[in-house]
Amino acid sequence: MRLASKDAKIYVAGHRGMVGQAVWDHLEEAGYTNLVARTSEELDLRDPHATREFFEDEQPDFVVLAAARVGGILANDRYPADFIGDNLAIEQSVIRAAHETGVDRLIFLGSTCIYPKHAPQPMPEDSLLTGPLEPTNQWYAVAKIAGQKLCEAMYRQHGDDMCTLMPTNLYGPGDDFDLETAHVLPALLRKAHEAQGAAPDGSDAPVTLWGSGEPKREFLYVEDLADAVRFALETPEDDIRKVAPDGMLNVGVGEDLSINALMALIQDVVGHDGPVEHDESKPDGTPRKLVDTSRMDELGWQAETDLREGIQKTYDWFRKQVAVNVKR
């Protein structure tokens, strides 16, 4: 299979989401000139017939499958049928259409929530399906496992060049800051922002964390993931298969921190000096989620954005794009 050239037609599915937008922008900045996309209003990727027609009309050379229904613990718990059903439908439609129309390479974006709740730390790719999932996001995880396995099956049965990038917890410009659906980092960033000067006496109000704050998480700036996508598009298939026979590549930073430590870092960036409280009636989720990045390390890719720098960039974006429309 050929590698992506600057004039290759690349379909970025989900280009208006945080990940898809970052991928689109990064590829444009890298000189790619033939990117294609459709909004969800223009093309419902859950519809296999409409998706197949799009692929037949556009004939993309490469596909980056970033389209997905995403959300945090609360959203997963509230909408389990949507999380598993919509993601399964999107994956099946796009991967099948890519196979049937002869796409050169498809990159499927998964998630490290696919790994067992008590996977060894750091989590290697071969820990997949070795234990029970974290119940709070099992619906999304099962769908992402199915997408990865469909890519692997297409390679084994048909020789299709399909690989999966498994990013750790993502954050950055374009993130979801809705407290009903947001992941932990943007949720805490918004809480800290809104708590500034919000106490009755004009001081900073408390911020409440779910659970104990002791679980540890790893965070990857979304623009680093976009660079990993570009890297994967430009890396020969034989090189990828040497280190990843199953086509799976974890994408992370190689270090983690507790939610309490994350909160302290966010407070420093935002300038919030109020107290931090814990609602221990709420779930902690998986105790630890640190990925083993040795496969990507061997290929020669590493993340570059420091966590504090990434949080500062995210907060700057939030204040310009979101906070102006939010009442404290």
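About the centre of its Cα atoms, the chain shows a dipole size close to 420 debye [charges on the beta carbon of Lys, Arg (+1) and Asp, Glu (-1) only; nearest 20 debye]. Per-peptide packing, taken as the mean over residues of other Cβ atoms within 10 Å, places 311-321, 194-204, 213-223 in the sequence 213-223, 311-321, 194-204 from highest down. Both radii are taken from the alpha-carbon atoms of region 76-195; with Rh as the Kirkwood radius, Rg/Rh is 1.02. A Cβ-based charge dipole, computed about the Cα centre of region 20-83 with Lys and Arg at +1 and Asp and Glu at -1, lands at about 360 debye.
Restricting to Cα pairs below 8 Å that are 6+ residues apart, what does the relative contact order work out to for region 178-247? Please round to a whole percent.
Working: 21 pairs, mean separation 9.9, N = 70.
Relative contact order of region 178-247: 14 percent.
If you wrap the Cα atoms of region 186-251 in a convex hull and average its projected area over all directions, you get 6.9 nm².
In angstrom, the C-alpha Rg and Dmax of region 15-133 are 16.0, 45. With coordinates expressed along the principal axes, the C-alpha atoms belonging to region 205-328 extend over 55, 33, 20 Å, beginning with the largest.
Suppose only helical runs count, i.e. DSSP H with n ≥ 4. What mean residue ellipticity at 222 nm does that imply for the chain under -39500 (n - 2.57) per run, divided by all residues and rounded to the nearest 500 deg cm²/dmol? Walk me through the numbers on the way to the answer.
Numbers: 11 runs with 135 residues, N = 328.
Calculated at 222 nm, the ellipticity per residue is -13000 deg cm²/dmol.
Here the chain carries DSSP beta bridges of which approximately 5% are antiparallel, counting only pairs with both residues inside. Determine the distance separating the Cα centre of region 276-316 from the Cα centre of region 55-82; give it in Å without decimals. Between the Cα centres of region 276-316 and region 55-82 lies a distance of 21 Å.
If packing is taken as the average count of other Cβ atoms within 10 Å, what order do 175-188, 139-152, 35-48, 118-131 fall into, highest mean first?
Details: 175-188: 20.3, 139-152: 22.0, 35-48: 15.3, 118-131: 16.9.
Order by mean packing, descending: 139-152, 175-188, 118-131, 35-48.
Taking a Cβ cut-off of under 14 Å around LEU35, the surrounding Lys, Arg, Asp and Glu residues balance to a net charge of -1, with basic ones at +1 and acidic ones at -1. DSSP assigns beta bridges within region 195-328; of those with both partners inside it, close to 25 percent run antiparallel.
Which helices, counted as full DSSP H runs in the chain, have an axial Cα extent of no less than 27 Å and a Kyte-Doolittle average of -0.5 or above?
On the way: long enough: 80-100 (30 Å, 0.00); 138-158 (29 Å, -0.44).
Those that clear 27 Å and a mean of -0.5 are 80-100, 138-158.
Over all directions, the average projected area of the alpha-carbon convex hull for region 1-76 comes to how many nm²? All intermediate terms of the calculation are to be shown ahead of the outcome.
Values: hull surface 24.4 nm².
The orientation-averaged projected area of the Cα hull of region 1-76 comes to 6.1 nm².
Expressed in Å, the radius of gyration and Dmax of the Cα atoms of region 259-328 are 16.4, 47. Using every pair of separate Cα atoms, the Kirkwood estimate puts the hydrodynamic radius of the chain at 20.3 angstrom. Between the residues HIS49, ILE73, LEU35, the greatest Cα displacement towards the positive end of the dipole of the chain, with unit charges on the Cβ of Lys, Arg, Asp and Glu, is found for ILE73.
In percent, what relative contact order does region 1-111 have, based on Cα pairs under 8 Å that are 6 or more apart in sequence? Intermediate values should be presented prior to the final figure.
On the way: 152 pairs, mean separation 36.8, N = 111.
So the answer I get is 33 percent.
For a 31 Å ceiling on Cα separation, which of these pairs sit above it: LYS144/LYS191; LYS144/LYS282; LYS216/LYS320; LYS9/LYS289; LYS117/LYS191; LYS117/LYS242? Before the final figure, lay out each step's value.
On the way: LYS144/LYS191 29 Å; LYS144/LYS282 25 Å; LYS216/LYS320 29 Å; LYS9/LYS289 35 Å; LYS117/LYS191 27 Å; LYS117/LYS242 28 Å.
Check vs 31 Å cut-off fails for LYS9/LYS289.
If you place +1 on the Cβ of every Lys and Arg and -1 on the Cβ of every Asp and Glu, how big does the dipole about the Cα centre of region 116-210 come out, in debye to the nearest 20? Kindly include the intermediate steps, with their values, before the conclusion.
Working: 6 positive and 13 negative charges, 60 e Å.
Approximately 280 debye in magnitude.
Quick note: the coordinates plus some simple rules give every number you see, no bench work behind them. What you see is a predicted model; the values in this text were computed from it and never measured. With ideal geometry, Cβ positions are generated from the backbone for all residues, glycine too; neighbour counts draw on all protein chains shown.
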